[in-house]
Structure formats: C-alpha cells, structure tokens
1. When only residues in the range 236-253 that are more than 20 Å from Ile156 (Cα to Cα) and open to solvent by less than 70 Å² (accessible area, probe 1.4 Å) count, which is farthest from the chain's Cα centre (by Cα)?
2. Would you mind telling me which numbered condition in (1) in a helix (DSSP H, G or I); (2) more than 31 Å from the chain's Cα centre (by Cα) Ser53 fails?
3. Among the candidates Tyr167, Tyr195, which residue alone is part of a loop (DSSP other than H, G, I, E, B), modelled with pLDDT of 95 or more, touching a strand residue (DSSP E or B) at 6+ places or on another chain (Cβ under 8 Å) and open to solvent by 10 Å² or more (accessible area, probe 1.4 Å)?
4. Against the condition crowded, with 17+ Cβ neighbours inside 10 Å and assigned to a helix (DSSP H, G or I), how does Leu104 come out, does it pass?
5. Of all residues in the range 86-97, which are at pLDDT 95 or above and either in a loop (DSSP other than H, G, I, E, B) or buried (at least 17 other Cβ atoms within 10 Å of the Cβ) (or both)?
6. Can you tell me how many residues in the range 128-159 are over 23 Å from the mean Cα position of the chain (by Cα) and hydroxyl-bearing (Ser, Thr, Tyr)?
7. Name the residues in the range 284-306 that are outside any helix (DSSP H, G or I), over 16 Å from the mean Cα position of the chain (by Cα) and surrounded by fewer than 24 Cβ atoms within 10 Å (Cβ to Cβ), would you?
8. Between a residue in the range 216-242 that is within 16 Å of Asn184 (Cβ to Cβ) and any residue that is part of a helix (DSSP H, G or I), which pairs come within a Cβ distance under 7 Å, given they are 6 or more apart or on different chains?
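The values are calculated or read from the model by the stated rules, or taken from the named source; none is laboratory data. Computed from a predicted model, the values in this text were never measured in an experiment. Quick reminder, even Gly has a Cβ in these numbers, built from the backbone with ideal geometry, and neighbours come from all protein chains shown. Ligands, DNA and RNA are stripped out before the accessible areas are found, and what is left, the full protein with its side chains, is counted by its heavy atoms. Shrake-Rupley method; radii C 1.70, N 1.55, O 1.52, S 1.80 Å.
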Amino acid sequence: MEKRSGAIKVFLFGTGSMADNILRQVNNFSKNIEILGFIDNDSKKWGEFWGRSVYPPSILLENSYDILIIMSDVYFDTIKDNLVYWYDIDKNKIKNQRYLLKMLLMDKYKNTEDSDIKQILKYLETNEISVYNQYVEEEKEIHTVYWDRVDNLPYIWFEDKKMYFPYDYKFQEYEGKKVVKDINCEQQLSSPHLYIKDDIKIERGDVIVDAGVQEGNFSLRYIEKVSKAYLFECSERWIRPLQKTFEKFKDKVILCDRFLGRINGGKNVNLDSIVMGRLDFLKMDVEGAEVEALLGAKNVLLNNDVKCSICSYHKSGDEEAIKDILSVYGYRTETSSGYMFFYLDENIYSNLDFRRGIVYAKKWVTEWVK
C-alpha cells in the first residue's frame, strides 16, 4: 500500500449494491485519489471486489490513510458509530459517499473556464455537496405543523391557507414542535430551480398546469388568481392531502393521479387528453419524465401560447432534448441561471455533470422580454 506522490489515500467501507453501482460507473479514479481497498464487516466478503482487496475493519489499525468513505447512506450513522467506538477511528476521517463524489467532481472540473462552475467549486471547498450548491439560503420562516383531528391529517398555514400533508409525513422538529422548514427555498430569486421569472409568470385568469404537485405549494400560491388549475401528482400518498388542500377551490381544480407522459391509457396519461382547450402556463417537475410528457403535449402546446417552466436537471442531456422538442413546437427557450448538481441521479458517477435547473419557453411570435 505504497502511497503515490500527492495522492489522497482512501479506504471504501462496504461492498453492497451502492458500492457496486458506483464502481460500475467510475472507470478510472483520478491519479490524485488512491483507493487502498475495501472494508467490510462480513467475513464472507473478505477477498476481492472490483479488482481490489477487501479487508476486515482491523486493517485500519495497521495502515495509514487519509479518508474512510462509507458507501451506504442508510447505515452510515451506525457504521460510523461502531468504527469510532470499537476501533477508535478518528471521526473526522470518516466521510459519506457524497464526499467521494465531490472529490471526483472537483478533479474533473479543476481546469474549467466556466465562471459559474468555478464559483461552485469554491463553495465546495468548505461545504458539503448539495443539489442547489450556494444558490439558496436557509429560510427564516418556519411553519408550525398542526393536526386536523376530523380528517386525521397534518397541515401548516401557508400564505393564509391550509396546506395538508400525508399522515405519516416525517417532519422536522424545532423547539419541541413539529415544523416545516424551507418550503419555498427552491423558489428564491437566486435559485437555479426558479419557476417564475421576468415574463414567465402567471397572470390573473390564467389556466395553468402544475405537473408534479407534491404538497402543492406552487399552485396554492396562485390558486385565487387563476381561472383553472390542472394538478398532476402520481404519488398515491399525496392525493388525499391535495384534495383537502384545494377543497375550497374544487370548482376550478382538476386533480389527476396518473403518470404524465407520452401515451394515454391505464395509469398513464398525456396532457393532450386532459387539457382540451386553453392553456396559459405550464410548470413541469415530474422526476425525469419531462421529455416524455412534452411529447404527449404536442397539440396543447401547438394550439396555445404557453409560458413554460420545465425542469431539466433530473437526467443528463434533458436540457437539450427539452429545448429541441419545444423548438419543434414553435417555442423560444432559455435556461435558469446557475447550475444544479443532482447527485440523486443513480447514474451521476458516470457523467459528473452540472445541469441547468429549468428550461423556460414562449412562442417565437411573442416578444421575449429580457
């Protein structure tokens, strides 16, 4: 285990599915990262994994190293506690797998000329990797959670309206109370995930589509202003809370609990089969199904002048695919400022790419206000 000059010596703890997925994607580690081997508690796994030796934890007492990366998010705390307690491992040397991701990311972009990426790398020198990087700040407003005993659902007050959550939702705690923090953090003006900007906004009387509603905070903010709202949410656990949240506005709300995509039938639905007439604003955040959903919205987008805010960060290459589709439909596009880093993408280790959060669009015939 002789150290390469200048290299950071790293042990990887765990040989499970996460470690396997990561090693499948990382063909070659940077010359600045020297993988000494794997550690595993299971003696049946001691031997070899992905061409490297697998050792018992006791090897850590016999060798010098810089960092120990635990390759399991689920059991991170348990494994870390055991290593510190039983093997007297320095807790400051123990990192999660996102630390490995950060190391690879910073090495890949060390010579970048992109000013936005340079700023992110500077931020990452002293901060953990995150989806929004340095672009959003923690919200000062904290929403206390209350319980509706009649409907057996928790709720918060959001802009003078009740917003409900699933009964088994895991809330944060603050000063002895259940709370919701950062409900609007992704919609801060500095956020690369900002739906509303310049003339991409909702006007009084608009017909809107909110695809990927979840708790409904986006539509709830504008529900009194719009004339109709189509809400799409395929997660079953959110349907009853959404029904309660928008109960007072049910005369103008259509709630659809199917998967939004290109085809129509069964649990799948497309926009063209639901929105038969006018549409003024389209917000779409459907966990990587945006391209398919746009392909299923051809008629409604061709027949209307729709202001669009489409998420483009879930999959590598989605930004260009979304722009291409909208261009064919006659729309002019631009993107949100700043970059997101969607480390939750199961393939993120294979591309290590920064992505624009939103593609905005309006018809070419409409003057784009800068």
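1. Lys252
2. (1)
3. Values: Tyr195 fails: open to solvent by 10 Å² or more (accessible area, probe 1.4 Å).
Step by step, each of Tyr167, Tyr195 is checked, and only Tyr167 is part of a loop (DSSP other than H, G, I, E, B), modelled with pLDDT of 95 or more, touching a strand residue (DSSP E or B) at 6+ places or on another chain (Cβ under 8 Å) and open to solvent by 10 Å² or more (accessible area, probe 1.4 Å).
4. Values: crowded, with 17+ Cβ neighbours inside 10 Å: yes; assigned to a helix (DSSP H, G or I): yes.
The answer is yes for Leu104.
5. Hits for the range 86-97 are Asp88, Ile89, Asp90, Ile94, Lys95, Asn96.
6. Residues meeting the conditions: 3.
7. First, the residues of the range 284-306 that are outside any helix (DSSP H, G or I): 284-289, 296-297, 303-306.
Restricting the remaining residues to those that are over 16 Å from the mean Cα position of the chain (by Cα) gives 296-297, 303-306.
Of everything in the range 284-306, those that are outside any helix (DSSP H, G or I), over 16 Å from the mean Cα position of the chain (by Cα) and surrounded by fewer than 24 Cβ atoms within 10 Å (Cβ to Cβ) turn out to be Gly296, Asn303, Asn304, Asp305.
8. Qualifying pairs under 7 Å: Gly216/Leu242; Gly216/Thr245; Leu220/Thr245; Ile223/Phe249.
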